[in-house]
Every structure is written in structure tokens, then in C-alpha cells.
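Report on one structure; see the data block that follows.
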Amino acid sequence: MQSASQQDASIRIGNRELPSRYFLAPLAGYTHLAFRRALRELGGLGLATTDLVQATSLLAKNPKSLDLIATHEDDKPLSIQIFGSKPDLLSRAAKWLEDHDYQGVDINMGCPMAKITSQGGGARIACEFDTASELVETVVNAVDIPVTVKMRLGWDRDSITAPELATEFARIGVAAITI
């Protein structure tokens, strides 16, 4: 059994030292700035990740997208979760985030919602090994901040892709993977 100090020990993801192993997962409609700040005030939060933001909307400076990534000095460490299906757009969005002092990018390959997957994003990306690998590698190579990936085990019971993709993403240089 671990002691309390071992349970609360810091964790490293890429070049980021996180104060706790407890993370706030991205959840549509919940992980906005006010909620993140309220949780941080309670203490113990190691990393928060925003709701997913479409890369093209972020690059277009869509007001809703900018609202989703709104942050504050006391809202750190923070990662921004982006989605899309085009490597060049995701890498440009990641670079934009890095240039605007965000500390991490999380690529969404887990959302099963039709409005996301019908655009080729979210869980749909993980259906094609080469496409997913190219997308992730392009983003990792575009920035110096840690890139993480959130994904499902697979599209369905007959399409379990996470083990193979996770191995490839680690080779590419992803800082962490959440399944």
C-alpha cells in the first residue's frame, strides 16, 4: 500500500513537472475556465485539459473556440485539446497555441460524437493507422511543448487499435497517452 505522500507525488509529462497525478479530463460543457479555477482552488489538481476545440475554428479565431481556451495565471498547468483530420491544420493550431504561451496540446482521438467523427476527427482518426500516425507526427514535430493523445481502445470491439497506435505514438515522441 502506498503512503499518502507517494499517492500525491508529482508526475512528469514531457518537460512539464505536474504537482499531482490527479488530472481533470476534458469533458464537453464542463471543463471551462470557471470550473477549472474552482477545482484548482480546492487543491490537488495536477493537470487540466480543455474541452475539445476544432483546429480550423481556433485558427479562424472563432469566439467560441477562444472562449473554450480562455485561461488565467492561476489556471496552470493546462493543456488544450484539439481535433481535426488534417495534419497541416492540427500542426498549425498546435503552433498557434505554443506561440500564445499554452503549455501543452492534447490531440483528441476519442470523441465518438457524429458531429466530430463525420468530419474525420475524434475516434474516427484511430481507424486508420497511417493517417493517425502522420497526424500525430506532424503535430509533435511542429512544437516544442508536450503533445499528448486521448483515444479509445478502438472504434468497436472488432477494431481495437489502441495498443498498436500507442506503441507508434511513443516512438514518434508523444509525451503521454490516455486511453
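The values are calculated or read from the model by the stated rules, or taken from the named source; none is laboratory data. Since we're looking at a predicted model, the values are computed, not measured. Here the Cβ is made from the backbone with ideal geometry for all residues, glycine too, and neighbour counts use every protein chain on show. Note: accessible area is taken over every heavy atom of the protein model, side chains too, but ligands, DNA and RNA are not part of it. Shrake-Rupley method; radii C 1.70, N 1.55, O 1.52, S 1.80 Å.
Quick one: with all protein chains in place, what share of the accessible area of the stretch 61-102 is carbon or sulfur, to the nearest percent (1.4 Å probe)?
On the way: 1100 of 2120 Å².
Accessible surface attributable to carbon and sulfur in the stretch 61-102 totals 52 percent.
Return one quarter of the surface area of the convex hull spanned by the alpha-carbon atoms of the chain, equal to its mean projected area, in nm².
Working: hull surface 43.0 nm².
Over all viewing directions, the chain projects a mean Cα-hull area of 10.8 nm².
Compute, for the chain, the length of the dipole vector about the Cα centre, with Cβ point charges of +1 (Lys, Arg) and -1 (Asp, Glu) only. Units Debye, rounded to 20. Display every interim value, and only then the final one.
On the way: 18 positive and 22 negative charges, 71 e Å.
Approximately 340 debye in magnitude.
If a/c stays under 1.5 just call it rounded; otherwise compare a/b with b/c (prolate if a/b is bigger, oblate if not). Do that for the stretch 1-104, with a ≥ b ≥ c from the square roots of the Cα gyration tensor eigenvalues. Numbers along the way, then the final one.
On the way: a/c = 2.41, a/b = 1.78, b/c = 1.35.
The shape class here is prolate.
What does the highest-first list of 69-75, 133-139, 55-61, 151-157 look like by mean Cβ count within 10 Å? Walk me through the intermediate numbers first.
On the way: 69-75: 12.9, 133-139: 20.4, 55-61: 17.4, 151-157: 15.3.
Ranked by mean Cβ neighbours within 10 Å, highest first: 133-139, 55-61, 151-157, 69-75.
Using a 10 Å cut-off on Cβ atoms, rank the peptides 102-109, 140-147 from the highest mean neighbour count down. The partial results should precede the final answer.
Numbers: 102-109: 24.5, 140-147: 19.1.
Order by mean packing, descending: 102-109, 140-147.
Would you mind calculating the gained length between CYS127 and ARG12 on full extension (0.36 nm times residue separation, minus the Cα-Cα distance), in nm to one decimal? Kindly include the intermediate steps, with their values, before the conclusion.
Details: separation 115, 0.36 × 115 = 41.40 nm, distance 2.92 nm.
Gain on extension, CYS127 to ARG12, equals 38.5 nm.
FRET efficiency for GLN119 and ARG21, Cβ-Cβ distance as r, R0 = 30 Å, nearest 0.05?
Computed FRET efficiency for GLN119 and ARG21: 0.35.
Compare the peptides 37-44, 114-121, 82-89, 93-100 by average per-residue count of other Cβ atoms within 10 angstrom and give them in order, highest first.
Numbers: 37-44: 11.5, 114-121: 15.6, 82-89: 21.0, 93-100: 18.4.
Highest mean packing first, the order is 82-89, 93-100, 114-121, 37-44.
Over all directions, the average projected area of the alpha-carbon convex hull for the stretch 7-65 comes to how many nm²?
On the way: hull surface 19.8 nm².
Computing the convex hull of the Cα atoms and averaging its projections yields 5.0 nm².
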